[in-house]
1. For the range 199-247, name all the residues that are touching a residue at least 24 places away in the same chain (Cβ under 8 Å), outside any helix (DSSP H, G or I) and among the hydrophobic types (A, V, I, L, M, F, W, C).
2. Among the residues of the range 267-306, what is the count of those that are polar (S, T, N, Q) and within 18 Å of residue 390 (Cβ to Cβ)?
3. Can you work out which of the residues in the range 155-198 that are of a type outside the set (Lys, Arg) and in a strand (DSSP E or B) is nearest to the chain's Cα centre (by Cα)?
4. Quickly run through the range 4-26 and pick out the residues that are modelled with pLDDT of 50 or more and surrounded by fewer than 17 Cβ atoms within 10 Å (Cβ to Cβ).
5. Within the range 104-127, is even one residue of a type in the set (Phe, Trp, Tyr), closer than 21 Å to residue 73 by Cβ and surrounded by 22 or more Cβ atoms within 10 Å (Cβ to Cβ)?
6. Using beta carbons and a limit of 7 Å, which pairs, at least six apart or on different chains, have the first residue in the range 309-321 and touching a residue at least 12 places away in the same chain (Cβ under 8 Å) and the second one surrounded by 11 or more Cβ atoms within 10 Å (Cβ to Cβ) and part of a loop (DSSP other than H, G, I, E, B)?
7. Please tell me if residue 322 is small (Gly, Ala, Ser) and either modelled with pLDDT of 95 or more or more than 25 Å from residue 87 (Cβ to Cβ) (or both).
Amino acid sequence: MQPLIINVCRMRFLPTIPRVSSLNCSAWVFVSLTVFCLVLPWSLAAMQVTLVAVVLLGIVCHLKAKSFSFRLPAFVGIVGIYGLLRLLSALFSPDISHSLKAVLQNEWVVFTLPFLIFLPLSETQIETALRGLVISGVVAAVYGCVQFFLGMDPVRGKELTRLGHFYRATGGYNFYLTFAGNQLMILGMALSFFLHRRGWDKGRVGLLGAVVLLFASLIATFGRSTWLALPVMIALGTLLINRRWFGYAVAAMAVGFVVVAAVFPDVQQRLVSIFDPSQNEGRLNLWRTAWRMISAHPIWGIGPGMFDAVFETYKVPGFYDAFGHAHNDYLNMAVNSGIPAMLAWITLWGYWLYRLIRAYRVGGLSRSRRQMVLGSLLSITGILFAALFQCYYTDLENNIMWWFLAAMGFKATLPEGEAILARGRN
């Protein structure tokens with residue numbers, strides 16, 4: 001373990017931080033973004049405070065440079081339509097104040113999107129901050145693996161949910177699936193850094209170690225939806241970079257799952273349960289109940305945050321192990337805000353995926369930008385696939401990570417002047 005940690009630390013993640021007295025406006029934004037990335041895997045309160053700080057400092061920099069006349073890309077317009085539909089669905093809710101609160105509690109992050117896209121930072125600075133995110137995620141992964149065996153969250157002093165002979169890791173958060181969702185997205189970024197690294201120097205060995213530890217933390221959550229997303233991420237990453245790697249990558253992942261399943265029978269049982277309908281009865285019943293709600297309220301939905309209130313009215317008979325949401329982000333969006341809002345949500349992510357895949361395949365991007373684009377692609381593709389089986393978008397911790405990585409990936413595709421992201425400029 002010690003050589004691995006040394007190799008990870010030698011990967012030139014973080015540059016020398018200048019003295020406070022010498023920091024210019026852009027440097028303050030960079031420092032705040034780096035701190036934001038470091039706290040993302042650990043604390044909801046800290047990530048909210050630092051995200052707001054990043055946005056405010058970015059605005060100050062633009063005002064100081066008198067460079068606030070930027071053109072909003074089409075993607076932001078699509079996001080705006082989605083946000084408008086969400087707000088309208090709240091206005092048609094039987095409890096308007098409750099629904100408006102539910103929307104704003106989760107969707108306020110959307111308002112930071114244009115400011116994140118136009119942060120006055122170089123690609124080197126953003127890449128450095130994202131590498132800091134990977135390092136912090138690796139530390140959280142180690143902590144999660146300790147929780148898996150220990151059964152306790154030492155920091156919070158609480159006992160974790162037992163599953164067989166082990167426990168569901170929560171990392172720095174309060175819930176194992178929240179931890180799983182964010183570790184999945186961090187793994188996507190780590191995979192990109194690893195796949196773009198040439199040769200087998202100490203840096204790449206360290207990145208491989210980071211990927212393995214992040215993978216282990218996903219196993220430690222017992223989050224099956226994130227396990228299902230892994231083959232999709234690996235397929236996309238290898239097919240975009242080098243199709244010859246696809247077979248090796250799939251084989252490596254399969255070996256990893258087989259070894260883990262052989263060593264930990266409880267993980268094996270959890271893996272097998274994915275394909276056993278009798279062990280997914282509660283989820284299937286929630287999907288049927290959600291469809292009833294959508295059929296009754298197709299345009300504006302039942303109202304954001306109203307799932308619990310109307311659950312008894314629409315539920316199908318049968319077993320339920322949870323009923324706070326539809327256990328599927330797509331269904332949940334249609335249930336709460338109607339089919340138009342769900343279609344707008346799907347459209348914005350479809351456009352985002354098209355934009356990034358096209359930018360990556362066409363070429364012309366620097367190596368740094370290619371890493372950021374692919375990392376964002378893998379992260380968002382993974383969480384979008386996992387969202388077919390669980391609600392991640394409704395967790396604010398996942399929501400913040402989701403929009404942040406989407407913004408950084410989109411930013412890396414913009415023309416140099418438009419994105420204010422010029423190589424080497426600080």
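1. Matches in the range 199-247: 222 only.
2. Narrowing the range 267-306 to residues polar (S, T, N, Q): 268-269, 273, 278-280, 285, 289, 295.
So of that shortlist, the ones also within 18 Å of residue 390 (Cβ to Cβ) come out as 273, 279-280, 285, 289.
Residues flagged as polar (S, T, N, Q) and within 18 Å of residue 390 (Cβ to Cβ) within the range 267-306 amount to 5.
3. So the residue we want is 167.
4. 23, 24, 25
5. There is at least one residue in the range 104-127 that is of a type in the set (Phe, Trp, Tyr), closer than 21 Å to residue 73 by Cβ and surrounded by 22 or more Cβ atoms within 10 Å (Cβ to Cβ).
6. Final answer for the pair search is 310/302; 311/323.
7. Against the criterion (small (Gly, Ala, Ser) and either modelled with pLDDT of 95 or more or more than 25 Å from residue 87 (Cβ to Cβ) (or both)), residue 322 qualifies.
Conditions (1) farther than 19 Å from residue 195 by Cβ; (2) more than 25 Å from the chain's Cα centre (by Cα), marked per residue:
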| position | (1), (2) |
| --- | --- |
| 241 | no, no |
| 247 | no, yes |
| 257 | yes, no |
| 278 | yes, yes |
| 287 | yes, no |
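The values are calculated or read from the model by the stated rules, or taken from the named source; none is laboratory data. These numbers were taken from a predicted model, which means no experiment stands behind them. Ideal geometry is used to build each Cβ from the backbone, glycine not excepted, and the neighbour counts take in all protein chains shown.
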